Amino acid sequence: MKKKYEDIVKKLIEKYPERQKEFITGSSEEVQRLYTPEDTKEIDYDRDIGYPGLYPFTRGMQPTMYRGRLWTMRQYAGFGTAEESKQRYKFLLSQGQTGLSIAFDLCTQIGYDSDDPMSVGEVGKVGVAIDPLAGSCFVEKMTEKIEKNERIIVGVNKFTTKEESPKNLLRVDEKVEQLQVKKLHKIKAERDEKKVHENLEKIRKISRTEENLIPSILEAVKTYATLGEICNVLREEFGEYSEQNVF
């Protein structure tokens, strides 16, 4: 049956080629034309997929999923310092908002502290600046794909509408960066450097094994190891993601 299918496809695409040679996900993984049970024969349901509410949580955190409660519409918010963002969250909650999602600034998103040279001019600009808190290291360059219409973003490069330019836009004061760096230096000056170093080295050691990194990261956070320090260790051990050009 599979051979018959492949023969039909071959004849079809000779006359009507597919829209593009390859179909790639946002993680640069190629998407095959067809998937069958042959592609999942190595999967163990209990081990690899599991049940709702149970590890590895591929089917969601809640045992009854959306039968018990619909998803929450959350307000994505955050800017400047943690203090400014906290005031904003309190205001949103007072206005009836039922859920909040924290927006981090670019430095935090890619794992750099506010006093890192890579963070100059970006602290608190597109979200709140957070330094003494562990987070995920990720970098995903999408600009080129968006400009070439290889990645469709509704309202950006497709299905746009002409609207009047917004007025009274928020501009984050440049002093936010100076304040954040000052607070960061104060934290570093008051913490136990020996414990911080020990915990960072523990993260490094565990990163070379198959052991879960999260407990060691949480321990480092408790000693006020910063986001940048933790991510720098991980960068040194794992390297940084660099998107490959696909032609």
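Table: residues versus (1) in a helix (DSSP H, G or I); (2) under 24 Å from the mean Cα position of the chain (by Cα); (3) modelled with pLDDT of 85 or more.
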| position | (1), (2), (3) |
| --- | --- |
| Leu93 | yes, no, no |
| Ser101 | no, yes, no |
| Ala134 | no, yes, no |
| Glu150 | no, yes, no |
| Thr160 | no, no, no |
| Asp173 | no, no, no |
| Glu177 | yes, yes, yes |
Worksheet item: Is one or more of the residues making up the range 43-56 among the aliphatic types (A, V, I, L, M), touching a Pro at 6+ places or on another chain (Cβ under 9 Å) and modelled with pLDDT of 90 or more?
Response: yes
Fill in: Any chance Val233 is within 22 Å of the chain's Cα centre (by Cα) and surrounded by 17 or more Cβ atoms within 10 Å (Cβ to Cβ)
yes
Discussion item. I'd like to know if the range 33-42 contains one or more residues that are loosely packed, with under 10 Cβ neighbours inside 10 Å and assigned to a helix (DSSP H, G or I).
Written reply: yes
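Output yes when any residue across the range 60-74 is surrounded by fewer than 11 Cβ atoms within 10 Å (Cβ to Cβ), without any contact (Cβ under 8 Å) to a residue 40 or more places away in the chain and not in a loop (DSSP other than H, G, I, E, B), and no when none is.
Filtering the range 60-74 down to residues surrounded by fewer than 11 Cβ atoms within 10 Å (Cβ to Cβ) leaves 61, 64, 66-73.
Filter again for without any contact (Cβ under 8 Å) to a residue 40 or more places away in the chain, leaving 61, 64, 66-73.
With the extra rule that they be not in a loop (DSSP other than H, G, I, E, B), the set shrinks to 66-67.
Yes: the range 60-74 contains one or more residues that are surrounded by fewer than 11 Cβ atoms within 10 Å (Cβ to Cβ), without any contact (Cβ under 8 Å) to a residue 40 or more places away in the chain and not in a loop (DSSP other than H, G, I, E, B).
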Fill in: Hits in the range 86-106 - residues which are under 16 Å from Gln180 (Cβ atoms) and in contact (Cβ under 8 Å) with a residue 24 or more places away in the chain
Ile102, Ala103, Phe104, Asp105
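Taking the conditions exactly as written (on the phi < 0 side of the Ramachandran plot and surrounded by 11 or more Cβ atoms within 10 Å (Cβ to Cβ)), does Glu193 satisfy them or not? Reasoning before the result, please.
On the way: on the phi < 0 side of the Ramachandran plot: yes; surrounded by 11 or more Cβ atoms within 10 Å (Cβ to Cβ): yes.
Considered against the rule, which asks whether it is on the phi < 0 side of the Ramachandran plot and surrounded by 11 or more Cβ atoms within 10 Å (Cβ to Cβ), Glu193 comes out as yes.
Considering only the range 103-131, state which residues are among the β-branched types (Val, Ile, Thr), part of a loop (DSSP other than H, G, I, E, B) and closer than 10 Å to Thr81 by Cα. Write out each step before concluding.
Here is the first cut: in the range 103-131, the residues among the β-branched types (Val, Ile, Thr) are 108, 110, 120, 123, 126, 128, 130.
Checking the rest, the ones that are also part of a loop (DSSP other than H, G, I, E, B) come to 110, 120, 123, 126, 130.
Listed by number, the residues that qualify are Val123, Ile130.
The values are calculated or read from the model by the stated rules, or taken from the named source; none is laboratory data. Quick caveat, the model's predicted, so the values are computed rather than measured. Glycine gets a Cβ as well: all are built from the backbone with ideal geometry, and neighbour counts include every protein chain shown.
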